[in-house]
1. Does the range 396-421 hold any residues that are within 18 Å of Thr378 (Cβ to Cβ) and not in a loop (DSSP other than H, G, I, E, B), and which are they?
2. Filter the range 130-161 down to residues that are free of Cβ contacts under 8 Å to residues at least 60 places away in the same chain, surrounded by 11 or more Cβ atoms within 10 Å (Cβ to Cβ) and assigned to a helix (DSSP H, G or I), then give me how many there are.
3. I need every pair where a residue in the range 78-104 that is under 16 Å from Gly411 (Cα atoms) has its Cβ under 8 Å from the Cβ of a residue that is among the basic types (Lys, Arg) and part of a helix (DSSP H, G or I), sequence separation at least 6 or different chains.
4. From the list Thr336, Thr347, which one is open to solvent by less than 30 Å² (accessible area, probe 1.4 Å) and more than 16 Å from ligand 3 (Cβ to nearest atom)?
5. Which condition from (1) modelled with pLDDT of 95 or more; (2) in a loop (DSSP other than H, G, I, E, B) is the one that Gly99 breaks?
6. Out of the residues in the range 384-411 meeting the condition of being of a type in the set (D, E, K, R) and out of contact with any strand residue (DSSP E or B) (no Cβ under 7 Å at 6 or more places or on another chain), tell me which one is least open to solvent (accessible area, probe 1.4 Å).
7. Within 14 Å of ligand 3 (Cβ to nearest atom) and modelled with pLDDT of 95 or more: is that true of Gly267 in this structure?
Amino acid sequence: MIDIAFVKPALPRHGALVLPVAEAAEGMPQGMTGLALAIDLATGGAVQRALAAAGFKGRKGQSCTLWAPSLTEGGPGPSRIVAIGLGKEASAEAAEAAGGALFALVQAEREVVVAAEALAPGVAAALAMGLLLRSYRFDRYRTTEKEEDKPKLERFAVATDAAAAAKAAWAPLRAVADGVFISRDLVSEPPNVLTPAEMADRCKALESLGLLIEVMGPKELKKLGFGALLGVAQGSAQEPRMVVMQWNGASKGKKAGAKPVAFIGKGVTFDTGGISIKPAGGMEDMKWDMAGAGTVVGLMAALAGRKAKVDAVGLVGLVENMPGSNAQRPGDVVTTASGQTVEVINTDAEGRLVLADVLHYCQDRFAPRFMVDLATLTGAIIVALGHEHAGLFSNDDELATRVMAAGKSVGEACWRMPLGEAYDKQIKSDIADMKNVGGRPGGSITAAQFIQRFVDTKSGPMPWVHLDIAGVAWSTKDLPTVPKGATAFGVRLLDRLVAEHYEG
Ligand code: BES
Ligand code: MN
Ligand code: ZN
């Protein structure tokens with residue numbers, strides 16, 4: 001991983017020197033100061049001339065590279081100078097996106113120094129965050145890649161006179177980036193490696209961060225009456241797991257803790273569809289059907305890593321959905337932990353069965369302040385929203401608004417979808433309390449209706465948000481702070497939600 005450092009400003013003689021530039025009102029770059037001015041003077045004004053010649057104004061998304069400048073006092077300068085635009089506001093968001101785009105420009109250098117003297121400490125830290133997030137790579141299984149094809153960047157030095165303040169702004173971001181990487185690693189792992197048991201082991205390892213981790217296997221789950229989750233698991237040779245993660249950052253040392261906030265993730269480590277088997281084309285994508293759980297794990301690591309002043313619980317239901325000889329059949333009726341029965345019409349609608357039991361358990365044990373569940377639940381949400389928004393379903397306007405706002409500020413957008421009785425009717429069963437599919441119309445909504453039946457509001461309100469992340473958990477193209485592949489969608493969003501509303 002790239003070493004991010006905060007250093008005193010000094011002109012580098014190798015690697016890249018980065019000049020973040022805000023756009024001035026007249027559309028020209030703002031006057032140069034600090035290292036930027038120093039390098040301009042040392043190159044005999046070449047920097048300003050090059051920027052003018054390239055039409056560089058400091059606009060968002062703009063960049064300009066000067067190759068191999070020589071310094072007037074003789075020696076060679078850095079191997080390149082890269083100016084990047086931050087737009088007029090030079091906001092943290094703009095800096096983060098610029099940092100992400102910057103990675104692609106400088107990854108061939110070993111060392112990069114960014115002249116951040118004119119940036120507020122939070123903006124300088126955001127620039128580093130963008131770069132770090134974009135640098136993620138899952139290369140564990142590449143054994144023959146040539147050295148010259150690998151990214152070289154080892155050290156990213158942020159040159160600032162306010163190093164202490166920038167470092168303080170960086171520490172929590174760093175913890176969140178670690179959480180994002182944990183999530184991306186889990187989602188990227190192949191399904192023969194990342195079985196439910198293996199994923200539970202990796203959760204257990206996060207105890208080192210101060211998280212309390214419990215792992216439950218088939219015996220315990222049977223005892224808890226998890227008929228729906230176990231029904232999904234029974235077609236696979238891989239045993240299911242449920243992992244309960246607790247972070248007590250608010251009540252630590254105190255006697256009575258406040259109600260925790262709760263996050264629940266769908267963790268289907270591979271979804272063949274079961275007996276209602278999926279077509280072969282693209283089935284390999286179903287290795288990331290545990291992305292909801294991956295997000296919850298990454299989030300809990302982030303909260304613990306930055307020592308968030310909150311009590312939070314994260315629960316993940318881990319199963320493999322396979323069509324083995326003991327697999328559940330279409331037509332089976334299962335009894336969930338809540339006591340409600342489900343007629344399984346389609347074994348490929350398995351995620352909701354897993355969530356049903358875990359959601360019930362979560363409320364029963366923790367009586368949380370609210371619950372947010374995340375699941376790669378339906379192909380229909382991709383039809384509705386493409387890859388630009390997660391589908392958001394909620395029984396609580398305030399929580400829904402907060403989640404949407406948090407998503408907007410970290411670039412993880414959600415779009416609210418409706419719930420309602422008419423949709424709920426679609427999952428009525430002739431022989432059980434409900435069936436697990438509601439037909440083609442509104443497929444993502446009926447899935448959410450199903451989950452809502454396990455949100456218990458009989459003894460008081462239970463604010464709940466369901467995020468259908470099937471369209472956003474994986475990216476097929478490079479985005480500013482998300483390289484192609486597992487996105488970890490939701491880690492940053494929910495960390496922001498907690499930071500803005502539920503700490504202190
Ligand atoms: N894991 C899938 C949903 C999915 C599909 C995620 C494509 C990502 C990409 C889920 O378990 C599933 O199979 N859903 C079915 C539900 C249907 C049987 C009602 C679907 O969407 O087809
Ligand atoms: Mn499925
Ligand atoms: Zn699935």
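1. Cys414, Trp415, Arg416, listed by residue number.
2. Residues in the range 130-161 being free of Cβ contacts under 8 Å to residues at least 60 places away in the same chain, surrounded by 11 or more Cβ atoms within 10 Å (Cβ to Cβ) and assigned to a helix (DSSP H, G or I): 0 in total.
3. From residues that are under 16 Å from Gly411 (Cα atoms), the pairs are Gly99/Arg134; Gly100/Arg134; Ala101/Arg134.
4. Selected residue: Thr336, the only one of Thr336, Thr347 that is open to solvent by less than 30 Å² (accessible area, probe 1.4 Å) and more than 16 Å from ligand 3 (Cβ to nearest atom).
5. Every condition holds for Gly99 apart from (2).
6. Arg402
7. yes
For (1) away from ligand 3 (no atom under 15 Å from the Cβ); (2) modelled with pLDDT under 95; (3) surrounded by 24 or more Cβ atoms within 10 Å (Cβ to Cβ), each residue gets a yes or a no:
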position	(1), (2), (3)
Lys287	no, no, no
Gly298	yes, no, yes
Leu303	yes, no, yes
Gly314	yes, no, yes
Val319	no, no, yes
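The values are calculated or read from the model by the stated rules, or taken from the named source; none is laboratory data. This structure is a prediction, so every number in the text was calculated from the model and none was measured. Glycine also receives a Cβ, built like all others from the backbone with ideal geometry; neighbour counts cover every protein chain displayed. Note: areas computed on protein heavy atoms with side chains; ligands, DNA, RNA excluded. Shrake-Rupley method; radii C 1.70, N 1.55, O 1.52, S 1.80 Å.
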